[in-house]
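J.: Have a look at this one before I ask anything.
The values are calculated or read from the model by the stated rules, or taken from the named source; none is laboratory data. Remember, predicted model here, so these are calculated numbers, not experimental data. Because the Cβ atoms are built from the backbone with ideal geometry, glycine has one as well, and the counts that use them run over all protein chains shown.
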Amino acid sequence: MRRRPWLFALKTLALLSRVRWYNVLLLALAQYLSSIYLLSPPASLRAFMADYPLHLLVLSTGLVVSAGFILNGFYDREKDTVNRPWQTAFERLVSRRTSLNLYLIFNFAGLVLASVLSWRAVAFFAVYALSLWMYSHKFKKLTYLGNLSAALLSFVPFFALLLYYRSLHPGLITYVAFLFCVELGRQLVKDVEQMKGDLIFGYPTIPAMEGQKGLRKHFAAIVLLSGLSAGIHLFFWPQNPQWVVLIFGLTLLLWAWNKIPGSPQPSRSARRLHVLFKLCLVAGVLSLPFLAA
């Protein structure tokens, strides 16, 4: 049989798109920056490179999270044909059977790598993988629990670092709490952006079920919580340049609260705002080293 390397390359790109490689890469970067600057004692570059348990932990996280993205796309395939048809058509180069096989392989590989660390790591990632499955299968179809569980699962890998180092920088609590609020806002904006598919296939998201009034109410609550966490963080660490990220995130949340529910073209406005929320989260991850200043 004649080989077609171009087809293999396209399928590889489709797989990378399906596992949301940029999210996995950002998560790995966040884990490394937190471990280097906030959780571990000062060490040389050589000592960091030789810290194989940390690398195994980050790799296990990436594999389990990638499996979660594959499964989430598997369940949302019909809805995604409406919300993002071109990307979904491209990702269909990877068959459903291949997707399920890769889901099992990634989870198994993640647990095998975790077993090199300890039984606690195996238990942690097993529960995490089960939680990702529960989210894709059940939680995301529940009006309030869907957004909350999605945001929580995004930050669970930080707990893996806490179990490994058994230490915690106090500023990380308030800063991660603020980024959690930003992620909640991003989830709501994403629901507005994808409301057409949610309505067609019966996904009971907050915008679809509660309309503008309910959406504005939830954005107001997120603004209050984010403002509280940002205020506490700035009170104890006013000298850190992370205030730029805090102001940026608060501005986005206020913009979403004021503009998105009443926008004449909510999908287009939500798409732009969704990109800005992603940029804010990237900036939040890149600014983690400043906590140690």
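J.: Can you name every residue in the range 183-235 that is of a type in the set (Val, Ile, Thr), out of contact with any Cys (no Cβ under 9 Å at 6 or more places or on another chain) and within 17 Å of residue 147 (Cβ to Cβ)?
T.: Keep residues of the range 183-235 that are of a type in the set (Val, Ile, Thr), which gives 189, 192, 200, 205-206, 222-223, 232.
Add one more test, that the residue is out of contact with any Cys (no Cβ under 9 Å at 6 or more places or on another chain), and what stays is 189, 192, 200, 205-206, 232.
Residues satisfying the conditions are 189, 192, 205, 206.
J.: Go through 102, 93 for me and flag whichever is in contact (Cβ under 8 Å) with a residue 12 or more places away in the chain, part of a helix (DSSP H, G or I) and closer than 30 Å to residue 202 by Cβ. Talk me through it step by step, then tell me what you get.
T.: Working: 93 fails: part of a helix (DSSP H, G or I).
Result of the check over 102, 93: 102.
J.: Here's a follow-up. Where residues in the range 49-90 are of a type in the set (Asp, Glu) and not in a helix (DSSP H, G or I), which of them is farthest from residue 33 (Cα to Cα)? Spell out how you get there, then give the answer.
T.: If we filter the range 49-90 for residues that are of a type in the set (Asp, Glu), which is where we start, we get 51, 76, 78, 80.
This time we only want the ones that are not in a helix (DSSP H, G or I), so: 51, 76.
Details: 51: 14, 76: 32 Å.
Out of the qualifying residues, it is 76.
J.: Determine, yes or no, whether residue 16 is part of a helix (DSSP H, G or I) and touching a residue at least 60 places away in the same chain (Cβ under 8 Å).
T.: no
J.: If I filter the range 195-205 for residues that are surrounded by fewer than 17 Cβ atoms within 10 Å (Cβ to Cβ) and free of Cβ contacts under 8 Å to residues at least 24 places away in the same chain, do I get at least one hit? Walk me through it before giving the result.
T.: Pass one, the range 195-205, residues surrounded by fewer than 17 Cβ atoms within 10 Å (Cβ to Cβ): 196, 199-202, 204.
Imposing the further condition that a residue be free of Cβ contacts under 8 Å to residues at least 24 places away in the same chain reduces the set to 199, 202.
Taking every residue of the range 195-205 in turn, at least one turns out to be surrounded by fewer than 17 Cβ atoms within 10 Å (Cβ to Cβ) and free of Cβ contacts under 8 Å to residues at least 24 places away in the same chain.
J.: What do you reckon, is residue 204 outside any helix (DSSP H, G or I), in the same structural domain as residue 271 (by TED's automatic domain parsing) and out of contact with any Phe, Trp or Tyr (no Cβ under 7 Å at 6 or more places or on another chain)? Let's see the steps before the verdict.
T.: On the way: outside any helix (DSSP H, G or I): yes; in the same structural domain as residue 271 (by TED's automatic domain parsing): yes; out of contact with any Phe, Trp or Tyr (no Cβ under 7 Å at 6 or more places or on another chain): yes.
Yes; evaluated as a whole, the condition is true for this residue.
J.: Could you look through the range 232-249, keep only residues that are crowded, with 19+ Cβ neighbours inside 10 Å and of a type in the set (A, V, I, L, M), and pick out the one that is farthest from residue 282 (Cα to Cα)?
T.: Residues of the range 232-249 that are crowded, with 19+ Cβ neighbours inside 10 Å, as a first pass: 233, 240, 242, 245-246, 249.
Those still in the list that are of a type in the set (A, V, I, L, M) too: 245-246.
Numbers: 245: 10, 246: 13 Å.
Checking each candidate, the answer is 246.
J.: Could you identify the single residue in 273, 215, 281 that is assigned to a helix (DSSP H, G or I), touching an Asp or Glu at 6+ places or on another chain (Cβ under 9 Å), farther than 23 Å from residue 155 by Cα and in contact (Cβ under 8 Å) with a residue 12 or more places away in the chain? Before you say what the answer is, go through the steps one by one.
T.: Values: 273 fails: farther than 23 Å from residue 155 by Cα; 281 fails: farther than 23 Å from residue 155 by Cα.
After ruling out the rest, the residue left standing is 215.
J.: Let me ask you something else. Would you confirm whether any residue within the range 100-116 is at pLDDT 90 or above, more than 17 Å from residue 16 (Cβ to Cβ), under 18 Å from the mean Cα position of the chain (by Cα) and among the hydroxyl-bearing types (Ser, Thr, Tyr)?
T.: No; the residues of the range 100-116 include none that is at pLDDT 90 or above, more than 17 Å from residue 16 (Cβ to Cβ), under 18 Å from the mean Cα position of the chain (by Cα) and among the hydroxyl-bearing types (Ser, Thr, Tyr).
J.: Could you pull out the residue among 188, 163 that is out of contact with any strand residue (DSSP E or B) (no Cβ under 8 Å at 6 or more places or on another chain) and surrounded by 19 or more Cβ atoms within 10 Å (Cβ to Cβ)?
T.: On the way: 163 fails: surrounded by 19 or more Cβ atoms within 10 Å (Cβ to Cβ).
So the residue among 188, 163 that is out of contact with any strand residue (DSSP E or B) (no Cβ under 8 Å at 6 or more places or on another chain) and surrounded by 19 or more Cβ atoms within 10 Å (Cβ to Cβ) is 188.
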